[in-house]
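The values are calculated or read from the model by the stated rules, or taken from the named source; none is laboratory data. Note that this is a predicted model, so its numbers are computed, not measured. Neighbour counts are summed over all protein chains in view; Cβ atoms, including those assigned to glycine, are modelled from backbone coordinates with ideal geometry. Just so you know, the surface numbers come from the protein's heavy atoms only, side chains and all, with ligands and any DNA or RNA stripped out. Shrake-Rupley method; radii C 1.70, N 1.55, O 1.52, S 1.80 Å.
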There are 2 protein chains.
Amino acid sequence: MFRSHTCGELTQANINEKVTLSGWVSTLRDKGFMMWIDLRDRYGITQIILDEERSSKELFETARSLGREFVIQVTGTVIERASKNPNIPTGNIEILAETITILNESALPPFTIDDNTDGGEDIRMKYRYLDIRRNPVKNKLIFRSKVAQEVRKYLDAQEFVEVETPVLIKSTPEGARDFVVPSRMNPGEFYALPQSPQTFKQLLMVGGLDRYFQIVKCFRDEDLRADRQPEFTQIDCEMSFVEQEDIMNVFEGLAKHLLHTFKGLEFGDFPRMTFADAMRRYGNDKPDIRFGMEFGEITDLAKGKDFKIFDEQELIVGIAAEGCNSYTRKDIDKLIEWVQRPQIGATGLVWARYNEDGTFKSSVDKFYSQEDLAAWAERMNAKPGDLMLVMSGNTNKVRAQLSALRMELAERLGLRNPEVFAPLWVVDFPLLEWDEESERYHAMHHPFTSPKPEDMELIATNPGEVRANAYDLVLNGNEIGGGSIRIYDKDIQARMFELLGFTPEQAEAQFGFLMNAFKYGAPPHGGLAFGFDRFVSILDGSETIRDYIAFPKNNSGRDVMIDAPSPIDETQKQELFIASTFTGKE
Amino acid sequence: MFRSHTCGELTQANINEKVTLSGWVSTLRDKGFMMWIDLRDRYGITQIILDEERSSKELFETARSLGREFVIQVTGTVIERASKNPNIPTGNIEILAETITILNESALPPFTIDDNTDGGEDIRMKYRYLDIRRNPVKNKLIFRSKVAQEVRKYLDAQEFVEVETPVLIKSTPEGARDFVVPSRMNPGEFYALPQSPQTFKQLLMVGGLDRYFQIVKCFRDEDLRADRQPEFTQIDCEMSFVEQEDIMNVFEGLAKHLLHTFKGLEFGDFPRMTFADAMRRYGNDKPDIRFGMEFGEITDLAKGKDFKIFDEQELIVGIAAEGCNSYTRKDIDKLIEWVQRPQIGATGLVWARYNEDGTFKSSVDKFYSQEDLAAWAERMNAKPGDLMLVMSGNTNKVRAQLSALRMELAERLGLRNPEVFAPLWVVDFPLLEWDEESERYHAMHHPFTSPKPEDMELIATNPGEVRANAYDLVLNGNEIGGGSIRIYDKDIQARMFELLGFTPEQAEAQFGFLMNAFKYGAPPHGGLAFGFDRFVSILDGSETIRDYIAFPKNNSGRDVMIDAPSPIDETQKQELFIASTFTGKE
């Protein structure tokens, strides 16, 4: 038996008990006549002591041979601590060691195993197994496990069936790039890894399973941004005989349950906003509504006043940065530089101070009177002391730019409090978006999303205006889930593929099995998927999803710990009927 | 709202209520003046009626336009049924239809959606989504979901943390063949899909996570036998600071919990048997102990009696088939043919009847006296009325052959009752097995399994005799789980790789990250993995794991429903820096 207790559970109630603990040497202090060892395991830290009066020479020798991160087993007696540490649960006791056994030695770790480590990101990724010993990392993994468990309990209680859908499936050209897997038994053919179990969960509905869920790995071979991983986890759900409202109710319930369980928060009905309103009010389909700073459109007010720059633009829109009248000219110049960065790409900013005395001072005083600026202020809901910041240009672009500025200002003003939670449903998404490059429509969600019945006839005349029965759940400016009512009529599905530029042959080759399934009594159905990595991280007050993944990959898709991907044997490739065409760095 | 109730919940308590149901038309009966529709959903079947007196002409017309598997919505009033059906929960009521809405039509399904369908295996796989509508299939998927949920609850309560390990990992030459995934961002390199999360769970132990589990997909690119799938699911577990006994206790507890929850069975301590005993007594390391028919070795008794065939053999061993003295000569000839099939490969069978009067009649009466045969009977625990069947040859081969015969006889004698559960731990597996072909040792479990400390010195002198701290959990003749205490000392691990024929460079290239991790204080650890698909199927009284997988693949690794794997675009291959070398059917 390696231990009688863990390093996190002994208290004054155990005094005088003889115990055995096992764990890692966290710290060692040697005062000559006394020694202290902080012994650490997953559950906590317990202090071990040796003293000249009560401990043998040999024991001191063993203790002095220890180093940080050695794995040891200690037997001894629980005694009351002279100088108590109220910061840890075991802080009132210590163990007077009788025997110390070295279970394993340790080389000096490449960074300290402390809450505030000296290790940089790269080294911690390479030695991820050591990073996991640190509380902040370990606790995030445990938190994730608890959330998953709670999600399952909730859905299980509502008669959802967890069904495992296959990982080795079929490549489809729609959506992101697939990872593929050459088949040895079917030469020249490939499996693909699923970007989501979308078609399978729809087939389960055709199969009458009624309420499906799965916490499932999905895969996208995309160029990785900082917050994306090639493999990620979804809470994937689907229901039959439901309307949009039914689905939103169930998963709003789930979100409330998690916010209650893990944050102690109670919510009424989550607010809802149409996509069009979200874009108009926040320039963004996933607005962070923990704070205001709503957009004020002033196109009609700002045009026709001889300010050429504005006269030429499609949209003129601004926000009021609360209390930022105090910004110096230099501060404002920096903001202008910030919006001109290539990532944002704005040409500039017009600004107007709303002074405490009610007067205005702007960068465009030549063109706009105090009354003009007061009218702007009203649109932006600005108050004395605020700084109005105005951008102009093509509607979609300027909204995206001003939205980025709004988020940046919120960050600077401390308005993005991770302990405040502001959920929001965004509804009535467009069914399609026009892609300039390929000169065709793309599905905004995916090709299985149902148009709103009342917009059905627009499909023939004005497809871009058709709204979908689609909805996103937004939390603190992050899309944490999204879904839709699906098409379940084979003719509408065929029409949809046509709209998306598929020939009937292509549609048949790629989705024939689904359209075939729809011939045999597909029920009305719809669903939703949560980005589990993101949901967990936001729930835990963070936006770094990588921290909540045990073994994440870097931005080149590499696991630097195991050094994957890596070359494979030629014989392995031969068996798979493939050859590498890579001839060296390009 | 599509429904007020499901098709499984209305009873006499609901009489006179107005309800709305949605589901599939299961059967339609038309007597002219009355019609009956059996409406089916996931939850059950409810009978809908129309009658001339109370239902409109239009309603009859709609009902007559329906076909099997049409999806309809029915509104009506719950009434008491004249002829009650006690076999279903809703059998006391029916719905007098007021409106019927066709939600979706259905073509005639390719097989009947009944518990006993007319569809063969192939057609049901192609239309798996229709097969899932059938109760036997649907119920298996729901059962699987419930078992998974119960496993998680049990382990969660014992402080196990579910950690998701990566799916895109690194190819290793040890074990079965890997599926590989070409990397676009790392040209010429490949990920592999995990055969198990073995190294990751060990790294989690190095990371101090202490108790890990995961219900996880694993992948093996093997030639498929009838009961194997290229992707399968494991309950994967690992613990730190434990000995073999600790791990066996936890997972025996889990198995008992599931047997209790789903079968209402109570068990004391599971019996244990060494690998050596299992081979000797049953010729098999996963013996079915629901019945006896233990092996009786008679080598010493049967040799030296001028029967040449036996005199030349290493092992002579038999079993007593209970009550099979009644087998005719023809029956016995058929048994002999059975063991001579290439899958078994025996040369023949010696038989001896144990007559009710205590005499013997055998195929070798020329060589063996009644007393000789009585001595055999004692070894085989045969009783009057039994038939003794004896095989001889090389020890390993003949054990395997006789074990196959034992199982076949048990099947014929109805001894393999799926409602009887006989769990068994098999322990003390050999660490290594000699592979004639490659002329080297292979790891019997995997290269991370720890030798028994008391056998450690045999490693240098007689590696084949070294026993491992490894254990399998066997249920009804199936290995449902297996595990081991791991090596946690980097030097022993290096020695193990050497034994397995790795050069230090190969070991470093493949497992350098693990051996490196072992430098930094690896704790004593061990674990176990259950084959979830198999565990679930046996628990449900079946041995066909494919039935418990929502979308299984066939023996060529194909998903015949979605037609995967399939060819992919040339551009897709180019992006991945691979070319197909397959030039046509070989």
Of A:ILE235, A:ILE247, which residue is among the β-branched types (Val, Ile, Thr), under 27 Å from A:GLY208 (Cα atoms) and touching a helix residue (DSSP H, G or I) at 6+ places or on another chain (Cβ under 8 Å)?
-> A:ILE235
Return a yes/no flag: does the range A:408-427 have any residue that is over 23 Å from A:ILE538 (Cα atoms), in contact (Cβ under 8 Å) with a residue 12 or more places away in the chain and open to solvent by less than 40 Å² (accessible area, probe 1.4 Å).
-> no
Among the residues of the range A:192-215, count how many are in contact with a Ser or Thr (Cβ under 6 Å, 6 or more places away or on another chain) and part of a loop (DSSP other than H, G, I, E, B).
-> 2
Consider B:PHE532 carefully, then state whether it is among the aromatic types (Phe, Trp, Tyr), in contact with a Pro (Cβ under 6 Å, 6 or more places away or on another chain), open to solvent by less than 40 Å² (accessible area, probe 1.4 Å) and in contact (Cβ under 8 Å) with a residue 60 or more places away in the chain.
-> no
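The rows are residues; the columns are (1) surrounded by 23 or more Cβ atoms within 10 Å (Cβ to Cβ); (2) of a type outside the set (Lys, Arg); (3) more than 9 Å from every other protein chain (Cβ to nearest Cβ).
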site: A:TYR471; (1), (2), (3): yes, yes, yes
site: A:ILE492; (1), (2), (3): no, yes, yes
site: A:PHE502; (1), (2), (3): no, yes, yes
site: A:PHE511; (1), (2), (3): yes, yes, yes
site: A:LYS519; (1), (2), (3): no, no, no
site: A:ASN554; (1), (2), (3): no, yes, yes
Return the residue satisfying two criteria in turn: it lies in the range A:130-154 and is within 7 Å of another protein chain (Cβ to nearest Cβ) and free of Cβ contacts under 8 Å to residues at least 12 places away in the same chain, and of such residues it is farthest from A:PRO447 (Cα to Cα).
-> A:ILE142
Return only the number of the condition from (1) at pLDDT 95 or above; (2) open to solvent by 20 Å² or more (accessible area, probe 1.4 Å); (3) under 18 Å from B:ASN135 (Cβ atoms) that B:ALA13 does not satisfy.
-> (3)
The residue that is nearest to the other protein chains (Cβ to nearest Cβ), considering only those in the range A:1-55 that are in contact with a helix residue (DSSP H, G or I) (Cβ under 9 Å, 6 or more places away or on another chain) and among the β-branched types (Val, Ile, Thr), is A:ILE37
Out of all the residues in the range A:36-58, which are more than 45 Å from the chain's Cα centre (by Cα) and crowded, with 18+ Cβ neighbours inside 10 Å?
-> A:LEU50, A:SER55
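With respect to A:ARG124, determine if the residue is assigned to a loop (DSSP other than H, G, I, E, B), at pLDDT 95 or above and out of contact with any Lys or Arg (no Cβ under 7 Å at 6 or more places or on another chain).
Numbers: assigned to a loop (DSSP other than H, G, I, E, B): no; at pLDDT 95 or above: yes; out of contact with any Lys or Arg (no Cβ under 7 Å at 6 or more places or on another chain): yes.
For A:ARG124, the condition - assigned to a loop (DSSP other than H, G, I, E, B), at pLDDT 95 or above and out of contact with any Lys or Arg (no Cβ under 7 Å at 6 or more places or on another chain) - is not met.
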Residues of the range A:62-117 being open to solvent by 50 Å² or more (accessible area, probe 1.4 Å), within 38 Å of the chain's Cα centre (by Cα), touching a residue at least 24 places away in the same chain (Cβ under 8 Å) and more than 14 Å from every other protein chain (Cβ to nearest Cβ), in sequence order, are A:ILE88, A:PRO89
Inside the range A:539-552, the number of residues satisfying the requirement of being open to solvent by 10 Å² or more (accessible area, probe 1.4 Å) and outside any loop (DSSP other than H, G, I, E, B) is 3
Can you confirm whether the range B:559-577 contains a residue that is within 7 Å of another protein chain (Cβ to nearest Cβ), open to solvent by 30 Å² or more (accessible area, probe 1.4 Å) and aromatic (Phe, Trp, Tyr)?
-> yes
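For the structure I just gave you, tell me whether A:TYR129 is assigned to a helix (DSSP H, G or I), open to solvent by less than 10 Å² (accessible area, probe 1.4 Å) and not β-branched (Val, Ile, Thr). Spell out how you get there, then give the answer.
Numbers: assigned to a helix (DSSP H, G or I): yes; open to solvent by less than 10 Å² (accessible area, probe 1.4 Å): yes; not β-branched (Val, Ile, Thr): yes.
When the stated conditions are applied, A:TYR129 passes them.
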Regarding A:ILE169, is this residue under 30 Å from A:LEU204 (Cα atoms), surrounded by 15 or more Cβ atoms within 10 Å (Cβ to Cβ) and among the hydrophobic types (A, V, I, L, M, F, W, C)?
-> yes
List, please: which pairs have Cβ atoms under 9 Å, are six or more places apart or on different chains, and start with a residue in the range A:36-58 that is at positive phi and end with one that is of a type in the set (Ser, Thr, Tyr)?
-> A:GLY44/A:THR6; A:GLY44/A:THR90
Filtering the range B:175-201 down to residues that are surrounded by fewer than 21 Cβ atoms within 10 Å (Cβ to Cβ), facing chain A (nearest Cβ under 8 Å) and of a type in the set (A, V, I, L, M) yields B:MET185
Considering every residue within the range B:334-351, establish whether at least one is in a loop (DSSP other than H, G, I, E, B), β-branched (Val, Ile, Thr) and more than 19 Å from B:VAL317 (Cβ to Cβ).
-> no
Hey, B:GLY175 hits all of (1) in a helix (DSSP H, G or I); (2) touching a residue at least 60 places away in the same chain (Cβ under 8 Å) but one; which does it fall short on?
-> (1)
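Here's the yes/no breakdown for (1) in contact with a Ser or Thr (Cβ under 7 Å, 6 or more places away or on another chain); (2) buried (at least 21 other Cβ atoms within 10 Å of the Cβ); (3) hydrophobic (A, V, I, L, M, F, W, C); (4) outside any helix (DSSP H, G or I):
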position	(1), (2), (3), (4)
A:LEU301	no, no, yes, no
A:VAL364	no, no, yes, yes
A:PRO384	no, no, no, yes
A:ARG406	no, yes, no, no
Selection from the range B:236-292 of residues that are aliphatic (A, V, I, L, M) and open to solvent by 20 Å² or more (accessible area, probe 1.4 Å) | B:LEU265, B:ALA276, B:MET279, B:ILE289
If you check B:LEU265, B:LEU254, B:LEU258, which single one turns out to be in a loop (DSSP other than H, G, I, E, B) and either under 21 Å from the mean Cα position of the chain (by Cα) or within 14 Å of chain A (Cβ to nearest Cβ) (or both)?
-> B:LEU265
Looking at B:ARG399, B:ARG406, B:ARG416, which is the one that is on the phi < 0 side of the Ramachandran plot, charged (D, E, K, R) and more than 22 Å from the chain's Cα centre (by Cα)?
-> B:ARG399
Give me a count of the residues in the range B:303-330 that are touching a Ser or Thr at 6+ places or on another chain (Cβ under 8 Å) and of a type in the set (A, V, I, L, M).
-> 4
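In the range A:1-114, which strands (runs of 3 or more DSSP E) lie fully inside it and hold 2 or more residues that are in contact with an Asp or Glu (Cβ under 7 Å, 6 or more places away or on another chain) and more than 16 Å from B:GLY208 (Cβ to Cβ)?
Because the criterion is at least 2 residues that are in contact with an Asp or Glu (Cβ under 7 Å, 6 or more places away or on another chain) and more than 16 Å from B:GLY208 (Cβ to Cβ), the strands (runs of 3 or more DSSP E) in the range A:1-114 that meet it are A:44-51, A:71-80.
Scan the range A:155-172 residue by residue and report those that are more than 7 Å from chain B (Cβ to nearest Cβ) and touching a residue at least 12 places away in the same chain (Cβ under 8 Å).
Hits for the range A:155-172 are A:LEU155, A:GLN158, A:GLU159, A:PHE160, A:THR172.
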